[in-house]
Amino acid sequence: MKLFKNCLYIVIAGLSLTSCDDFLDIKPADKIIPETYEDFRKLQTGAYEVGLIDRSRSTIFTDEAILDEWGAEAEEFQDYYLWKSVLSSKARSLPYQEFYKVIFYENEIISQAANMKEGSQEEINQLVAEAYFMRAYMHFNVLNLYAKPYNKETASTDKGVPVVTLIDIEQPFPVSTIEEVYTQILSDVDSTMKYINVAEYEKGLNYRVSKVAALGIKARMHLYRGEYLLAKDAALEAYTINNQLVDLNEDNAIMPYHFKSKENVFAAEQTFDNILSFNLLASNELISKYNAQDLRLSKYYSSGWSGNTTNKGKNSENKCSFRTSELYLILAECEANLNENLPKAKEYLNTLKQNRLEAEFYALEEIRINAMTQAELITEVAKERCRELAFEGHRWYDLRRTTQQSLTHTFGGETEVLEEGDPRYTLRFPQEAVDNNPNLNN
């Protein structure tokens with residue numbers, strides 16, 4: 001506790017993340033011990049500013065991207081692109097400590113909730129709700145990056161990740177099972193819903209967790225667990241707050257992944273970061289999934305001499321952790337799998353397509369979708385997730401939780417195959433994380 005208190009301060013003139021100790025690296029430019037609501041709100045802003053890129057980096061492992069042979073930093077990502085179990089010294093580290101940095105911020109806010117001065121109870125409740133949710137979201141993200149996909153039959157024994165709910169950094173950090181991690185995650189989400197009171201933040205503040213954002217990601221969490229009814233219920237509750245979609249047929253439409261878009265309800269993460277934009281191209285396999293009359297082909301991508309590049313990510317205006325189009329896809333997938341109301345599943349899918357396709361093509365697509373069987377519809381929803389959410393950090397997790405299909409990557413004259421159901425669909429903990437916490441031992 002004492003060591004943590006000596007390291008944790010509010011950022012007044014800017015946050016600098018350098019060395020304080022091996023597990024929590026926080027060194028602010030100016031520092032005061034947080035006491036007031038405003039102090040803790042600044043601490044929460046610091047948590048949002050950590051700069052998570054985990055979902056962005058997961059794109060490297062998928063079939064939606066090609067590692068550019070001419071990329072200046074391509075060698076730093078080569079081992080990941082080829083799913084190497086042992087990394088060379090050139091390999092750029094995947095994120096790990098960043099998750100727990102955020103968690104430590106949130107633990108401090110949660111533990112001091114009753115002691116905050118000056119703020120109204122409504123303001124304090126909202127802040128505490130955001131802290132609970134971000135703690136849940138960080139555990140969820142690190143779990144799905146470094147543990148096996150959720151399997152109800154084995155989750156109580158499958159190795160997960162450390163659960164950290166205390167601010168004593170001298171405590172041991174054992175690895176919990178996947179079920180234990182999810183128990184904490186869902187408990188924190190329940191606490192979020194108890195305190196949260198902002199339905200949706202205005203654009204510019206939508207990097208903060210609102211009720212619609214929390215409900216949307218809660219639906220994602222249940223979807224990853226195959227809990228279709230619970231995912232549907234959470235998605236429907238979010239849907240009642242905001243179900244707006246951007247119509248790409250409209251001139252000057254703000255792209256759905258832009259923070260000012262009416263779809264973007266949680267603009268916290270850089271889901272395709274700058275360094276990757278100079279080293280990854282859209283794969284031919286991905287581009288072939290779009291019809292020429294699919295407006296996303298020209299609006300989500302640009303063509304260059306070396307191939308197609310995505311327009312998503314790259315700058316802070318395109319941060320996007322959750323947008324309403326994902327609600328339509330979650331609802332369509334849930335209804336299709338529950339098989340109780342296939343027409344409703346088709347309606348959700350068609351509504352999204354209507355806002356993404358030229359009218360003539362949409363008319364044909366609507367007929368095709370409406371004629372589908374349950375199995376065909378489930379497959380089509382998966383394809384639509386790939387088209388709509390490409391380069392937003394979803395594809396790797398969708399592959400992991402569904403088919404775990406075989407993938408093939410080639411780079412530098414070397415070809416590697418990720419077989420169907422390959423154990424490498426579960427990533428190893430970074431070596432530096434293992435060095436700092438031997439409990440992670442791969």
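The values are calculated or read from the model by the stated rules, or taken from the named source; none is laboratory data. The model shown is predicted, which means the values in this text are computed figures rather than measured ones. Neighbour counts are summed over all protein chains in view; Cβ atoms, including those assigned to glycine, are modelled from backbone coordinates with ideal geometry. Note: accessible area is taken over every heavy atom of the protein model, side chains too, but ligands, DNA and RNA are not part of it. Shrake-Rupley method; radii C 1.70, N 1.55, O 1.52, S 1.80 Å.
Does THR157 satisfy the criteria of being hydroxyl-bearing (Ser, Thr, Tyr) and open to solvent by less than 10 Å² (accessible area, probe 1.4 Å)?
So THR157 fails the test.
If only one of ILE66, ILE60, ILE103 is crowded, with 21+ Cβ neighbours inside 10 Å, part of a strand (DSSP E or B), touching a residue at least 24 places away in the same chain (Cβ under 8 Å) and within 24 Å of the chain's Cα centre (by Cα), which one is it?
Of ILE66, ILE60, ILE103, the one residue that is crowded, with 21+ Cβ neighbours inside 10 Å, part of a strand (DSSP E or B), touching a residue at least 24 places away in the same chain (Cβ under 8 Å) and within 24 Å of the chain's Cα centre (by Cα) is ILE66.
For region 276-296, name all the residues that are crowded, with 18+ Cβ neighbours inside 10 Å, not in a loop (DSSP other than H, G, I, E, B) and not small (Gly, Ala, Ser).
Result: LEU276, LEU280, LEU281, LEU286, ASP294, ARG296.
Tell me, which residue of region 209-227 that is open to solvent by 40 Å² or more (accessible area, probe 1.4 Å) and among the basic types (Lys, Arg) is nearest to THR402 (Cα to Cα)?
LYS218
Rundown of residues vs (1) on the phi < 0 side of the Ramachandran plot; (2) in contact with a helix residue (DSSP H, G or I) (Cβ under 6 Å, 6 or more places away or on another chain), yes/no style:
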{"residue": "ASP190", "(1), (2)": "yes, no"}
{"residue": "GLY216", "(1), (2)": "yes, yes"}
{"residue": "LEU223", "(1), (2)": "yes, yes"}
{"residue": "GLY226", "(1), (2)": "no, no"}
{"residue": "LEU236", "(1), (2)": "yes, no"}
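I'd like to check something: does region 319-340 contain any residue that is of a type in the set (Asp, Glu), at pLDDT 95 or above, open to solvent by 10 Å² or more (accessible area, probe 1.4 Å) and in contact with a strand residue (DSSP E or B) (Cβ under 9 Å, 6 or more places away or on another chain)?
Checking region 319-340: not a single residue is of a type in the set (Asp, Glu), at pLDDT 95 or above, open to solvent by 10 Å² or more (accessible area, probe 1.4 Å) and in contact with a strand residue (DSSP E or B) (Cβ under 9 Å, 6 or more places away or on another chain).
For region 185-208, which positions are of a type in the set (S, T, N, Q), crowded, with 17+ Cβ neighbours inside 10 Å and assigned to a loop (DSSP other than H, G, I, E, B)?
Listed by number, the list holds a single entry, ASN206.
Going by what's in this entry, would ASN144 be described as open to solvent by 10 Å² or more (accessible area, probe 1.4 Å), at pLDDT 95 or above and either β-branched (Val, Ile, Thr) or not in a loop (DSSP other than H, G, I, E, B) (or both)?
For ASN144, the condition - open to solvent by 10 Å² or more (accessible area, probe 1.4 Å), at pLDDT 95 or above and either β-branched (Val, Ile, Thr) or not in a loop (DSSP other than H, G, I, E, B) (or both) - is met.
Okay, residues lined up against (1) closer than 30 Å to GLU200 by Cβ; (2) of a type outside the set (A, V, I, L, M); (3) free of Cβ contacts under 8 Å to residues at least 60 places away in the same chain:
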| residue | (1), (2), (3) |
| --- | --- |
| ASN279 | no, yes, no |
| LEU286 | no, no, no |
| LYS289 | no, yes, no |
| ASP294 | yes, yes, no |
| SER306 | no, yes, no |
